[in-house]
Amino acid sequence: MAQARLHAVIHGLVQGVNFRYYTALEARQLGVVGYVRNQWDGTVEVVAEGERSHLEQLLAFLHRGPRWAEVERVDFEWQAPTGEFHRFEVRY
């Protein structure tokens, strides 16, 4: 069970389409911790930690998004986990 940290920025029509809500739902179902939040430039940022295989499933979701989203691209990087999170939350 290799632990990892995913940092992703999602571009496209990703605000105002319940992207944060469905990302949090997906992350919680996968058992990963961290947060999702809207950025001032219209993107959505996700920072998540957990098992690498679960984070890869979350990343696949981020490329699709919820039904109303139009994901243009996802910039992401793998990082070392810090253990700073205890749950997955929507930040405002």
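The values are calculated or read from the model by the stated rules, or taken from the named source; none is laboratory data. Note that the structure is predicted; figures quoted are calculated from it, not measured. Please note: Cβ atoms are built from the backbone with ideal geometry, for glycine as well, and neighbour counts cover all protein chains shown.
Assorted remarks:
- Among the candidates 34, 50, 42, the residue that is more than 15 Å from residue 90 (Cα to Cα), at pLDDT 95 or above, assigned to a strand (DSSP E or B) and not hydrophobic (A, V, I, L, M, F, W, C) is uniquely 50.
- Those residues of the stretch 50-71 which are touching a Lys or Arg at 6+ places or on another chain (Cβ under 9 Å) and surrounded by fewer than 16 Cβ atoms within 10 Å (Cβ to Cβ), in sequence order: 63
- Residue in the stretch 1-15 that is modelled with the highest pLDDT, counting only those that are assigned to a loop (DSSP other than H, G, I, E, B) and over 14 Å from residue 90 (Cβ atoms): 2
- Whether a residue is surrounded by 19 or more Cβ atoms within 10 Å (Cβ to Cβ) and either touching a Lys or Arg at 6+ places or on another chain (Cβ under 7 Å) or modelled with pLDDT under 95 (or both) was assessed, and residue 19 does not pass this test.
- Annotation note: of 8, 4, 24, 69, the sole residue that is small (Gly, Ala, Ser) and in contact with a Pro (Cβ under 8 Å, 6 or more places away or on another chain) is 4.
- Residue among 47, 74 that is buried (at least 19 other Cβ atoms within 10 Å of the Cβ) and touching a helix residue (DSSP H, G or I) at 6+ places or on another chain (Cβ under 8 Å): 74
- Pairs with Cβ under 6 Å, 6+ apart, first in the stretch 27-39 and of a type in the set (Lys, Arg), second modelled with pLDDT under 95 and surrounded by fewer than 18 Cβ atoms within 10 Å (Cβ to Cβ): none
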